[in-house]
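S.K.: Mind looking over this structure? Questions follow.
Nothing in this text is a laboratory measurement; each read-out follows from the coordinates by a stated rule. Being a predicted model, the structure only gives us computed values, none of them experimental. Note: ideal-geometry Cβ built from the backbone for every residue, glycine included; neighbour counts use all protein chains shown.
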Amino acid sequence: MRVLVCVKRVPAPGARINITSDGQAIDTAFLGFTMSPHEECAVEEAVQLIERHGGESTVLTLGPGEADEQLRYAASLGVTKAVLLPIPAGEPSDWDPQRTAASIAAAIADIEASDGVFDIILFGNESADSGGFQVAIRVAHALSRPVVNGIKGIEVVDAGSAGSVRARRETDAGVEVYSVTMPVVLGVKEGINLPRYPTLKGRLASKKVDVAHVVPQGQPGGQRMLTLLPAVEQLTATTILGHRPEAAPAVVDLLEELGLIR
């Protein structure tokens, strides 16, 4: 079978995000980058699907030239092919969802025209930076394929030409199970698996992977960024109750207040 996983280069989760003085971009001077946590699980799921059923996996991203790093990381885990849709220099690195989805869908259509249809296309449920929840759905719509988001389990019923997938999604009321005919687009959620770490052999092999460059074809959509605002920082205050034996009464009062002693 053929599996494609789409990833995005994002600031490392937990990093302090600073905004440029004009409010139009993230200051990347001291930032590390990675792929979104949901997408790490999507990459792992793609590798596992090929290990179980055989075939070929491909990783694709739209982003700056530096996103080559994320593609090679995926290759070090076992993905066999890599495709970069480079954003032209001088343009904002974070396109609107409409343009992003149109570019990815056009690239997928071109790849499939020459190499064959992807049975499963995997996305992260949402990206760690913008969290738009849109791109996978827009790509599926453009390619006229079924899509299910929030997936926490994938079972391929038949890997043949008329195969189908059972996709499991957890909800507050229980578990939903979808039976979907391939080709299909799935939005994977963190926790579907435990991503592996690359081996030294995988790291060395990833350096030799030929990353194909495809010029993105999408046009700007109807959304426009006005300004970026930094998130409100949550500060935690520490109160010193006292020092040495003199602090004992204050500690007892606090424990009583919390209901831990009577």
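S.K.: What's the ranking of 237-250, 178-191, 37-50 by average number of surrounding C-beta atoms within 10 Å, highest first?
M.R.: 37-50, 178-191, 237-250
S.K.: Same structure, new question: Longer than 27 Å from Cα to Cα, which of LYS152/LYS201; LYS8/LYS81; LYS8/LYS208 are they? Say none if no pair is.
M.R.: Long pairs (Cα-Cα over 27 Å): LYS152/LYS201.
S.K.: Which peptide among 107-117, 17-27 comes first, and what is the full order, when sorted by highest mean count of other Cβ atoms within 10 Å?
M.R.: Going from most to least packed, we get 107-117, 17-27.
S.K.: Same structure again: Near THR239, within a Cβ-to-Cβ distance under 14 Å, what is the net charge of the other residues, with Lys and Arg +1 and Asp and Glu -1?
M.R.: -2
S.K.: Here's something else I'd like to know. Counting residues in the range 151-206 as N, plug N into 2.2 N^0.38 Å and put the Cα Rg over that result.
M.R.: That ratio works out to 1.48.
S.K.: Could you give the distance between the Cα centres of the range 207-253 and the range 26-94, to the whole Å?
M.R.: 23
S.K.: Given Cα positions, please report Rg to Rh for the range 55-106, the hydrodynamic radius being the Kirkwood one.
M.R.: That ratio is 1.01, to two decimals.
S.K.: For the chain, what value does the Rg/Rh ratio take when both radii are computed over Cα atoms and Rh is the Kirkwood radius, given to two decimals?
M.R.: 1.10
S.K.: Return an integer: the convex hull volume of the alpha-carbon atoms of the range 1-127, in Å³ per residue.
M.R.: Value for the range 1-127: 108 Å³ per residue.
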